[in-house]
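**Q** Below: one structure in structure tokens.
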Amino acid sequence: MNSAFLAFALLLWAAAAALLVVLPRVWRRGEAPETNQDWLRLRQRELVGEAAELREEAALRLLEDQVGEVSPEVSRHPVYTGRGQLASVGTLAIAAWLLYRMLGGWEDVEITEQLGRIEQSQPEDVLMLIERITDRAEDRPQNADYALLLGEYYLSGNEPGEALRYYDRLIDAGAAAPEILGKAAQSEFLSSGRVLSRRARARAEQALAVDPMQAAALATMGMAAFEEADYRQAIVYWQRLRQLEPPGSPGHDMLGQIIERARQELGEPIPEPAATPGVTVEISVSEDQPLPANAVLFVLARPEGVEAGMPIAVVRQTPVNWPLIVRLDDSASMAGQQISTFSAVSIEVQVSASGQPGRDNAVAWSVQPSVPVGFSEPVKITLQAD
């Protein structure tokens with residue numbers, strides 16, 4: 001349990017226990033209880049200005065009531081027992097704990113803690129957590145966080161039917177965010193055998209009206225247009241979706257391939273990729289020290305003068321013939337970087353017998369610390385085995 005939450009709960013319990021134990025010892029009545037004389041004085045003040053007979057009647061009634069009456073004693077000590085107070089404190093603690101469990105806060109706190117540790121969890125622990133969240137979401141259907149989390153989980157896990165159930169719950173509760181509408185449309189499209197219903201289309205169009213670059217809605221409308229043989233419209237949606245992917249990333253390349261397929265269906269020629277500034281590297285080896293036949297070649301570009309850290313661009317090849325010509329341009333860029341934005345770079349060539357990059361794994365490597373980008377002539381590098 002969260003330490004701050006536990007400390008605050010214990011503090012509240014201690015305050016309540018103090019009220020039950022300490023307060024009766026310091027809060028005591030200091031005067032005698034109310035008597036018939038007190039009642040008579042109050043009654044006579046009320047009868048001021050009334051007939052004298054009424055005041056006399058009140059006094060006569062007091063005399064009759066006092067016959068055989070023992071005067072009350074003034075008690076300055078409260079009536080309590082130590083066992084009773086301890087029992088009250090214990091009852092308070094148990095009642096608060098049961099109420100907390102009944103309202104569900106305990107379960108929510110534990111789920112939140114497990115979500116915070118999910119990156120270190122084993123797959124079976126993740127499955128148990130999802131089952132726990134599913135049960136909790138059924139107990140508290142108004143909890144939007146649980147519904148959104150489960151929708152994301154089932155959609156990414158290729159269970160669009162289950163995902164749609166939770167996205168429908170969110171939309172029925174009033175959620176109108178473009179991301180929720182787009183993923184609800186995507187879930188319905190995939191769960192219905194790639195058929196776009198009227199409701200799913202309306203949700204996707206509503207999402208795009210608010211956010212024209214909503215990824216799930218663009219993907220759904222693109223796939224639906226392709227299934228309906230409306231290849232031109234599919235290309236429009238997929239081109240917009242491709243703008244969200246970093247150049248050179250798997251998503252960017254995949255979208256490029258399906259756009260080419262749509263163009264082929266239209267009978268359009270596939271345009272040649274636009275040439276971008278880069279570096280051409282010609283790699284050769286020393287004849288007297290050949291490299292292993294199964295070697296893997298890595299050609300890396302880093303910022304000028306830098307010899308460590310994440311590369312700007314990487315090409316991995318298994319050489320067959322030497323010399324080998326390798327081209328480093330934006331299509332080989334990593335993590336959204338573009339080699340075309342650099343005026344000069346550092347080029348490093350590594351040869352690995354194990355297939356793993358890094359100088360520690362290289363049987364040969366060489367570096368050119370400053371190579372201009374966009375230079376027409378190839379950079380020549382000769383490798384020698386260690």
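**Q** Please report 83, 263 as a ranked list, fewest other C-beta atoms within 10 angstrom at the top and most at the bottom.
**A** 83, 263
**Q** Next question. Mind listing which GluC sites (Glu not before Pro) in region 284-372 are in a DSSP loop and have 16 or fewer other Cβ atoms within 10 Å?
**A** Taking region 284-372 and a limit of 16 other Cβ atoms within 10 Å, the loop GluC sites (Glu not before Pro) found are 287, 304, 307.
**Q** Shifting gears a bit: Mean projection of the alpha-carbon convex hull of region 279-383 over all orientations, in nm²?
**A** Over all viewing directions, region 279-383 projects a mean Cα-hull area of 6.2 nm².
**Q** What ranking of 280, 341 emerges when the number of other C-beta atoms within 10 Å of each C-beta is taken as an exposure proxy, fewest first?
**A** Arranged by neighbour count, lowest to highest, 280, 341 become 341, 280.
**Q** Another question about this same structure. Counting other beta carbons within 10 Å of each Cβ, put 149, 115 in order, fewest first.
**A** Starting with the residue having the fewest Cβ neighbours, the order is 115, 149.
**Q** What whole number of Å gives the distance from the Cα centroid of region 340-369 to the Cα centroid of region 113-181?
**A** 44
**Q** Assuming R0 = 30 Å, can you tell me the calculated FRET efficiency for the pair residue 131 and residue 11, based on Cβ-Cβ distance, to the nearest 0.05?
**A** Taking R0 as 30 Å, the efficiency between residue 131 and residue 11 is 0.30.
**Q** Kindly provide log₁₀ I(q)/I(0) values, in the same order as q = 0.21 Å⁻¹, from the Debye equation applied to equal alpha-carbon scatterers of region 199-312.
**A** Result of the Debye calculation: -1.16.
**Q** Would you mind computing Rg(Cα) / (2.2 N^0.38 Å) for region 141-266, counting N as its residues?
**A** 1.05
Read-outs throughout are calculated quantities, based only on the coordinates presented, and are distinct from any laboratory measurement. Nothing here was measured: the structure is a model prediction, and the numbers come from that model. Positions of Cβ are generated from backbone atoms using ideal geometry, with glycine treated the same way; all protein chains shown enter the neighbour counts.
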